[in-house]
1. Inside the stretch B:57-77, can you point out the residues that are more than 7 Å from chain A (Cβ to nearest Cβ) and touching a helix residue (DSSP H, G or I) at 6+ places or on another chain (Cβ under 7 Å)?
2. Take A:A130 and tell me if it is over 19 Å from A:H75 (Cα atoms), in contact (Cβ under 8 Å) with a residue 60 or more places away in the chain and crowded, with 17+ Cβ neighbours inside 10 Å.
3. Give the stretch A:61-73 a look and list any residue that's touching a helix residue (DSSP H, G or I) at 6+ places or on another chain (Cβ under 6 Å) and either within 25 Å of A:P36 (Cβ to Cβ) or crowded, with 17+ Cβ neighbours inside 10 Å (or both), or say none.
4. Would you please name the residue that is surrounded by the fewest Cβ atoms within 10 Å (Cβ to Cβ), looking only at residues in the stretch A:178-224 that are among the basic types (K, R) and in contact with a strand residue (DSSP E or B) (Cβ under 7 Å, 6 or more places away or on another chain)?
5. Quick one: B:R20 ticks every box in (1) part of a strand (DSSP E or B); (2) touching a residue at least 12 places away in the same chain (Cβ under 8 Å) except a single one, so which number is it?
6. Of all residues in the stretch A:1-29 being in a loop (DSSP other than H, G, I, E, B) and at the interface with another protein chain (Cβ under 9 Å from one of its Cβ atoms), which is nearest to A:I159 (Cα to Cα)?
7. Could you list, in sequence order, the residues of the stretch A:165-183 that are assigned to a strand (DSSP E or B), under 18 Å from A:R198 (Cβ atoms) and of a type in the set (A, V, I, L, M, F, W, C)?
8. Within the stretch B:135-144, does at least one residue satisfy the condition of being in contact (Cβ under 8 Å) with a residue 12 or more places away in the chain and within 12 Å of chain A (Cβ to nearest Cβ)?
Amino acid sequence: MYATNYHRAASVSEAASLFAGGAEAQYVSGGMTLIPTMKQRLAAPGDLVDLRHIPDMKGIAIDGRRVRIGAAVTHAEVAASSQLATVCPAVCRLAGMIGDPHVRHMGTIGGSVANNDPAADYPAAMLALAATIVTSQREIAADDFFTGLFETALEEGEIVVALAFDAPEKAGYAKFRNPASRYAMTGVFVAKASGNVRVAVTGAGSDGVFRQGDMEAALSANWSTDALSGVTVDPGGLISDLHGDAEYRANLVKVMAKRALAAAG
Amino acid sequence: MAKVTLTVNGRKMSGDCEDRTLLVHFIREKLGLTGTHVGCDTSQCGACVVHLDGKSVKSCSILAVQASGSTLTTIEGLAGQGDMHPVQAAFKTHHGLQCGFCTPGVVMAAVDMINRHGGALDEETVRSELDGNICRCTGYHNIVKAILAANAEMSASRQAAE
């Protein structure tokens, strides 16, 4: 690892000013992606600003059907939240499928969303739930937030502070893991809210997470696996690599969508 | 350079290190606690698992400065005066190790999962909870047996205490 200067921020505004005063600065939350990347010398922030101890970024708040998850909430905390499980258990189950128990104790929802790894789980949930990404500067709709591979609408120095969404009537997530890396080769999140169905796919798209419009139309008309059977998934725009070609992933999208629907009930 | 202060196995300890020093190297080289192992360079193997503020984490994927101010338990902190921890004893009884390299991390992961599941552990849960710990000797079978046996013993002694 290259040398770095560590700073622990006590507030969002302090974090932003530490970042602005840093050289090649990066934020770190749980660090479950960034620290391994720094170990491999694929990232070399001159200054590292730690967001993990900021009180305003912690906690899960639920007001009726409105859910607000602080960006520094860990995957383990989301997975174990009985309060969240009563309104949106699919998100708890998704969090419990990320990485392994030790990674879930450190990794955070804000870190995952801000990093936008094309095989990460949370971006699919945020997109399918039409979530709002609350930042240090503004609120961004998930539809506008995820812009490409590891790319988001975040400006330089902007911090994801919280994720907010309305709990859907029904939601489910299923993923097919790469047997070695355990990342999603394809993961599908389905959500139904006041008749509106959204289907988001992670792990499969060459530009990262995306919505599957044909499945959304089919499920809006008929919320059943039969409706999905009639959908043809176009392999165009899907990833082809040594783990599986685009046709294989196109099939996985369909199979995972069916499993996600079964999980949603 | 940073000064890192931790409560390690019940004792307050501190040391100076570079900001880039990984927690596992701080534990091994600054604190001299070499039971925590480095088994890979890719954050996958789990040989370095310790408990940070009561939760299992990979000490190879955290900077020592990130952990400063926290409470840490390493494999050296599990046993009581002369007695092995029930999980350690079960690993001995059920031959849950062969070469032993991964064992400190596996035992720390086992204690964490038993704490979290509080008695409600079955084989399937144990196997899925072991996702972050790699063992190249045992084929996991005796590790799973040992964890289930320790879990049964620990719940029995919890019930007896109540």
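The values are calculated or read from the model by the stated rules, or taken from the named source; none is laboratory data. Predicted model, so just to flag it, every value in this text is computed and none were measured. A quick note on method: Cβ atoms are made from the backbone with ideal geometry, for glycine too, and the neighbour counts reach across all protein chains shown.
1. Filtering the stretch B:57-77 for residues more than 7 Å from chain A (Cβ to nearest Cβ) gives B:59-60, B:64, B:67-77.
Result: B:S59, B:C60, B:A64, B:A67, B:T74, B:I75.
2. yes
3. Listed by number, the residues that qualify are A:I69, A:G70, A:A71, A:A72, A:V73.
4. Residues of the stretch A:178-224 among the basic types (K, R): A:182, A:192, A:198, A:211.
Within this subset, residues satisfying the condition of being in contact with a strand residue (DSSP E or B) (Cβ under 7 Å, 6 or more places away or on another chain) are A:192, A:198, A:211.
On the way: A:K192: 21, A:R198: 24, A:R211: 16.
Per the stated criteria, the residue is A:R211.
5. Unmet condition: (1).
6. Our first condition is that a residue be in a loop (DSSP other than H, G, I, E, B); within the stretch A:1-29, this holds for A:1-4, A:9-11, A:21-25, A:29.
Checking which are at the interface with another protein chain (Cβ under 9 Å from one of its Cβ atoms) leaves us with A:1-4.
Values: A:M1: 24, A:Y2: 24, A:A3: 23, A:T4: 20 Å.
This residue is A:T4.
7. First, pick out the residues of the stretch A:165-183 that are assigned to a strand (DSSP E or B): A:165-166, A:170-177.
With the extra rule that they be under 18 Å from A:R198 (Cβ atoms), the set shrinks to A:165-166, A:170-175.
Answer for the stretch A:165-183, where residues must be assigned to a strand (DSSP E or B), under 18 Å from A:R198 (Cβ atoms) and of a type in the set (A, V, I, L, M, F, W, C): A:F165, A:A171, A:A174.
8. Pass one, the stretch B:135-144, residues in contact (Cβ under 8 Å) with a residue 12 or more places away in the chain: B:135-138, B:140, B:142-144.
Now drop any that are not within 12 Å of chain A (Cβ to nearest Cβ), which leaves none.
Taking every residue of the stretch B:135-144 in turn, none turns out to be in contact (Cβ under 8 Å) with a residue 12 or more places away in the chain and within 12 Å of chain A (Cβ to nearest Cβ).
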